[in-house]
Amino acid sequence: MKFQLAINLERMDDSMDMNEVTRHTLEMVQMAEQGGFNIVWAAEHHALEMTIAPNPFQILTWWAHHTDKIRLGTAVAVAPYWDPIRLAGEAAFTDLISGGRLEFGIGSGAYQREFDRMRPGLKQSDAWRYMNEMVPALQALWAGDYEHNGEYWSFPVSTSVPKPVQTPHPPIWVAARSPITFDYAIKNGFNIMSWPLTRPFSEAELYKTQFDESLASNPGSKAPTFAMMRHTALYDNAAGRDKAISALQGVLGQFENLFRNLGDVVNGFPKRIPLEELTDREQYNADMLEENLMFGSPEDVIAKLKRYEALGVDDFIYYASMGLGMKEQKRSMELFCNEVMPAFS
């Protein structure tokens, strides 16, 4: 099993200094590289302080300058927000200046609130259609001159400038949770990242079943890399557990606000919905979160990861940030690198 890191620049309120947030995020990336992580992922989000990522390629360019070997991925570039020519060029330029380290992740976006601002009139549930048209256009632009006449974009003959360093192009990843997306990825040879959110291990098993069924229905297709992401926090004692659970519950309250598009966002900070107001609040029970997520002592986390490895997960994505204090985030990373990863070397 290989290991990847997903991390955001995040502020939970305006008392946090942006320069300190920036330093901390870079230090976490450097710790991951030194610890042997394979890939680090940057998201794309807009007008939200909890995920400060207006352009993932800028973030990756910054990380590339301060790292040597860890690969750099977009998780994910949101297809409907981009023009194909611009996206092809931005990705190829990042691949060039990073020495061919780009992993290109693309998806359809998360929050209707962002669509209302970045692509007004588009429903989030329809955004996958843009991704399906975007990807073959990118592949053609990376290859050379190409004219496109599609449903969502049209342009005369053009090409990607520059071209990617990696040939024929950087590895392509898609975020998949539904059978149609698994089938799309396997049919086209794209790697897959899945995120069971806070749901139990049975959700991961469901994704693996969908992966296997798609592979079986596409004979001759090579099995792509199958990665699974989970919120991750390692701690030394009960006090560390309480801090990690409380921080995550606060962030999940903000996610609920965004997923329901309640509009209660002030200066980029979503209001946290109190747990007692959530109709599905059992999903945020402390014991349930600790059991389902990659939370616990190093021994606990090793045992959990062994289940994912036995299931057939190739790469585990360590989802950091999530409102946890900077000191606690670094301690978690230290424990993971020093005590967990050697069990999988």
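Determine, for each peptide in 205-212, 12-19, the mean count of other beta carbons within 10 angstrom over its residues, then list the peptides with the highest first.
Values: 205-212: 17.8, 12-19: 11.1.
Result, highest mean first: 205-212, 12-19.
Placing +1 on each Lys and Arg Cβ and -1 on each Asp and Glu Cβ, with no other charges, gives the range 67-171 a dipole about its Cα centre of roughly 280 debye.
Under the simplified labelling scheme, the residue 47-residue 277 pair shows an inter-label distance of 2.1 nm, with each label point 7 Å from Cα along Cα→Cβ.
Given the Cα-Cα distance of residue 285 and residue 261 and 0.36 nm per residue of separation, how much length would full extension add, in nm?
Working: separation 24, 0.36 × 24 = 8.64 nm, distance 2.29 nm.
Difference between extended and current length: 6.4 nm.
A full extension of the chain between residue 58 and residue 309 corresponds to an added length of 87.1 nm, given 0.36 nm per residue minus the alpha carbon distance.
At 222 nm, what value in deg cm²/dmol follows for the chain if DSSP H runs of at least 4 each add -39500 (n - 2.57) and the sum is divided by all its residues, to the nearest 500?
Helices in the chain give a 222 nm mean residue ellipticity of -13500 deg cm²/dmol.
Let me check against my output: what whole-number percent is the relative contact order of the chain, with C-alpha pairs under 8 Å and at least 6 apart? The partial results should precede the final answer.
On the way: 610 pairs, mean separation 65.6, N = 345.
Computed value for the chain: 19 percent relative contact order.
Computed over the range 117-244, the range of Cα coordinates on each principal axis works out to 61, 41, 34 Å, biggest value leading.
Please give the charge dipole size of the chain, origin at the Cα centre, charges +1 on K and R Cβ atoms and -1 on D and E Cβ atoms. Round to the nearest 20 debye.
Details: 31 positive and 45 negative charges, 98 e Å.
For the chain, the charge dipole is close to 480 debye.
Using a ≥ b ≥ c from the Cα gyration tensor of the range 200-345 (square roots of the eigenvalues), is it rounded, prolate or oblate, where a/c under 1.5 gives rounded and otherwise the larger of a/b and b/c decides, a/b for prolate?
Working: a/c = 2.13, a/b = 1.28, b/c = 1.67.
The shape class here is oblate.
Please name whichever of 36, 320, 200 sits farthest to the positive end of the charge dipole of the chain, dipole taken about the Cα centre and charges placed at Cβ: Lys and Arg +1, Asp and Glu -1. Sorting the options by dipole projection puts first 36.
GluC sites (Glu not before Pro), restricted to the range 239-345: which are DSSP loop and have at most 12 other Cβ atoms within 10 Å?
Details: sites: 256, 276, 277, 282, 290, 291, 299, 309, 328, 334, 339; in loops: none.
Sparse-neighbourhood loop GluC sites (Glu not before Pro): none present.
Span-like helix criteria (full DSSP H runs; alpha carbon extent of at least 18 Å along the helix axis; mean Kyte-Doolittle hydropathy of at least 0.0) are satisfied in the chain by 84-97, 128-143, 238-259.
Annotation: the antiparallel percentage among DSSP beta bridges lying fully within the chain is about 15.
Quick check on the range 222-293: take the gyration tensor over C-alpha atoms, sort the square-rooted eigenvalues as a ≥ b ≥ c, and tell me if it's rounded (a/c under 1.5), prolate or oblate. Walk me through the numbers on the way to the answer.
Working: a/c = 1.91, a/b = 1.20, b/c = 1.59.
The shape class here is oblate.
Working from label points 7 Å from Cα in the Cα-to-Cβ sense, the residue 221 to residue 159 distance is 3.1 nm. With the convex hull of the Cα atoms taken as the outline of the chain, the averaged projected area works out to 17.1 nm². Think of the range 190-345 as a dipole: +1 on every Lys or Arg Cβ, -1 on every Asp or Glu Cβ, centred on the Cα centre; then among 251, 310, 286, 251 lies furthest on the positive end. Bridge orientation summary for the range 1-158: considering DSSP beta bridges with both residues in this region, about 20 percent are antiparallel.
Here each label is just a point 7 Å from Cα along the line to Cβ, and for residue 17 and residue 34 those points are 2.2 nm apart.
In percent, rounded to a whole number, the relative contact order of the range 143-294 is 18, using alpha-carbon pairs under 8 Å and six or more apart.
Taking a ≥ b ≥ c as the square roots of the Cα gyration tensor eigenvalues, the range 1-157 comes out oblate, since a/c reaches at least 1.5 and a/b does not exceed b/c.
About the centre of its Cα atoms, the range 204-263 shows a dipole size close to 120 debye [charges on the beta carbon of Lys, Arg (+1) and Asp, Glu (-1) only; nearest 20 debye].
Using a 10 Å cut-off around each Cβ, can you sort 182, 115, 344 from fewest to most neighbouring Cβ atoms? Can you show the working numbers first?
On the way: 182 27, 115 24, 344 14.
Result, fewest neighbours first: 344, 115, 182.
Output the Kirkwood hydrodynamic radius of the range 260-345, Cα pairs only, in Å rounded to one decimal.
Working: mean 1/r = 0.0644 Å⁻¹.
About 15.5 Å for the range 260-345.
Taking each residue as 0.36 nm, the span from residue 339 to residue 201 lengthens on full extension beyond its C-alpha to C-alpha distance by 47.4 nm. Could you tally the net charge around residue 69, taking each other residue with its Cβ under 9 Å from the Cβ of residue 69, Lys/Arg +1 and Asp/Glu -1? Local charge sum for residue 69: 0. Farthest toward the positive end of the dipole of the chain, out of 3, 152, 233, is the Cα of 152, where the dipole comes from beta carbon charges about the Cα centre.
Bear in mind these aren't lab numbers, they're just calculated from the coordinates by the rules spelled out. Just so it is clear, the model here is predicted, and its values are computed rather than measured. When we count neighbours, we look across all protein chains shown, and the Cβ atoms used for this are built from the backbone with ideal geometry, even at glycine.
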